[in-house]
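*Asks:* Here it is, the structure in full.
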Amino acid sequence: MTSEVRYTAQEDDERQILALHEAGDRALMSGDLEVLTQIFADDYVQYNESGKAFTKQDVLNNFRTGAIRYPSIVSTGRGIRVFGDTAVVHGSESDEVEADGKRFSVRYVYLDVLRKRDGKWKLVASQLARRADE
């Protein structure tokens with residue numbers, strides 16, 4: 001006899017969003033532009049810790065040209081809140097980053113906004129910040 005686990009719609013959405021973030025971390029580390037193209041909505045915008053805005057194309061071009069690389073991304077916390085077809089993910093991570101020919105460690109906190117479009121979750125906005133204890 002097989003026991004089937006059933007999830008509520010909210011639990012299923014949370015599992016999909018968690019899987020999307022985990023796939024995104026792997027794609028960022030490997031520079032997998034095909035996966036990143038699927039994860040980011042066409043109207044995606046990211047604000048870095050300095051307040052500079054990057055579009056989906058900006059982010060993809062930075063990986064395409066090698067301007068930035070993430071040899072390591074380690075999630076140190078993640079919370080998911082779902083509000084119908086919109087979700088907010090807040091978390092923290094410790095990264096190894098290569099940019100401008102230099103490699104350095106950085107710890108971020110972030111806030112991501114996702115929308116469910118045509119049955120699939122897409123990342124529509126992100127805000128990064130340096131941890132206050134840095």
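Where a number appears in this text, it was derived from the coordinates with a stated rule and is not lab data. Everything numeric in this text was worked out from a predicted model, so none of it was measured. Heads up, the Cβs are rebuilt from the backbone with ideal geometry, glycines too, and the neighbour counts pull from every protein chain shown.
*Asks:* Could you work out which residue, out of GLY79, GLY119, GLY31, moves most in a Gaussian network model of the chain, that is, has the largest mean-square fluctuation with Cα springs under 10 Å?
*Replies:* Among GLY79, GLY119, GLY31, the largest GNM mean-square fluctuation belongs to GLY119.
*Asks:* Filter the GluC sites (Glu not before Pro) in region 13-79 to those in DSSP coil with at most 16 other Cβ atoms within 10 Å of their Cβ, and list the result. Mind dumping the intermediate values first?
*Replies:* Details: sites: GLU14, GLU22, GLU34, GLU49; in loops: GLU49.
For GluC sites (Glu not before Pro) across region 13-79 that sit outside H, G, I, E and B with at most 16 neighbouring Cβ atoms in 10 Å, the list reads GLU49.
*Asks:* Same structure again: Between ALA53 and ALA99, what is the FRET efficiency for a Förster distance of 25 Å, r being their Cβ-Cβ separation, to the nearest 0.05? Walk me through the numbers on the way to the answer.
*Replies:* Working: r = 17 Å, r/R0 = 0.69.
E(calc), rounded to 0.05, equals 0.90.
*Asks:* Return the percentage of antiparallel bridges among DSSP beta bridges fully within the chain, rounded to the nearest 5 %. Each step should come with its number before you reach the end.
*Replies:* Numbers: 40 of 44 bridges.
Looking only at bridges with both residues in the chain, the antiparallel portion is about 90 percent.
*Asks:* Next question, about the same structure. Using θ = phi - 60° and the Karplus form 6.51 cos²θ - 1.76 cosθ + 1.60, what ³J(HN,Hα) does each residue of region 79-89 get, whole Hz, x for Gly and Pro?
*Replies:* For region 79-89, the Karplus curve yields x, 10, 10, 10, 10, x, 9, 10, 9, 10, 10 Hz.
*Asks:* Where in region 56-100 does the amide nitrogen come within less than 11 Å of the point 7 Å from the Cα of VAL106, taken along Cα to Cβ?
*Replies:* Inside the label zone: 68-70, 95-100.
*Asks:* If you don't mind, there's one more thing I want to ask. Percent relative contact order of region 9-130, based on C-alpha pairs within less than 8 angstrom and at least six residues apart? Each step should come with its number before you reach the end.
*Replies:* Working: 226 pairs, mean separation 30.1, N = 122.
RCO, region 9-130: 25 percent.
*Asks:* What does the charge count around ARG6 come to, taking other residues whose C-beta lies under 15 Å from its C-beta (Lys +1, Arg +1, Asp -1, Glu -1)?
*Replies:* Values: positive: ARG15; negative: GLU4, GLU11, ASP12, ASP13, GLU14.
Overall, the nearby charge balance is -4.
*Asks:* Helix 56-65 versus the longest principal axis of the chain: what angle, 0 to 90°, nearest 10, using Cα atoms?
*Replies:* 50 degrees
*Asks:* When all alpha-carbon pairs of the chain are counted, what percent fall beyond 22 Å?
*Replies:* On the way: 3299 of 8911 pairs.
Here the tail beyond 22 Å accounts for 37 percent of pairs.
*Asks:* Now, a different point. Near VAL82, within a Cβ-to-Cβ distance under 15 Å, what is the net charge of the other residues, with Lys and Arg +1 and Asp and Glu -1?
*Replies:* +2
*Asks:* Could you state the orientation-averaged shadow area of the convex hull built on the Cα atoms of region 75-114, in nm² to one decimal?
*Replies:* On the way: hull surface 12.8 nm².
If you wrap the Cα atoms of region 75-114 in a convex hull and average its projections, you get 3.2 nm².
*Asks:* Write down the radius of gyration of region 1-64 and its Dmax, each obtained from C-alpha positions, in Å.
*Replies:* When restricted to Cα atoms, region 1-64 yields Rg and Dmax of 15.7, 56 Å.
*Asks:* Suppose every Lys and Arg Cβ carries +1 and every Asp and Glu Cβ carries -1, with no other charges. What dipole size does the chain come out with about its Cα centre, to the nearest 20 debye? Don't skip to the answer; put the middle values down first.
*Replies:* Details: 19 positive and 23 negative charges, 35 e Å.
The dipole magnitude comes to about 160 debye.
*Asks:* Another question about this same structure. Angle check, please: helix 9-30 long axis (alpha carbons) against the longest principal axis of the chain (alpha carbons), in degrees 0 to 90, nearest 10.
*Replies:* Between helix and principal axis, roughly 30 degrees.
*Asks:* Using modelled amide H (1.01 Å from N, peptide plane; none on Pro or chain starts), what sits under 5 Å from the amide H of VAL45, excluding residues fewer than 5 places away?
*Replies:* Residues meeting the amide H criterion: ALA125, SER126.
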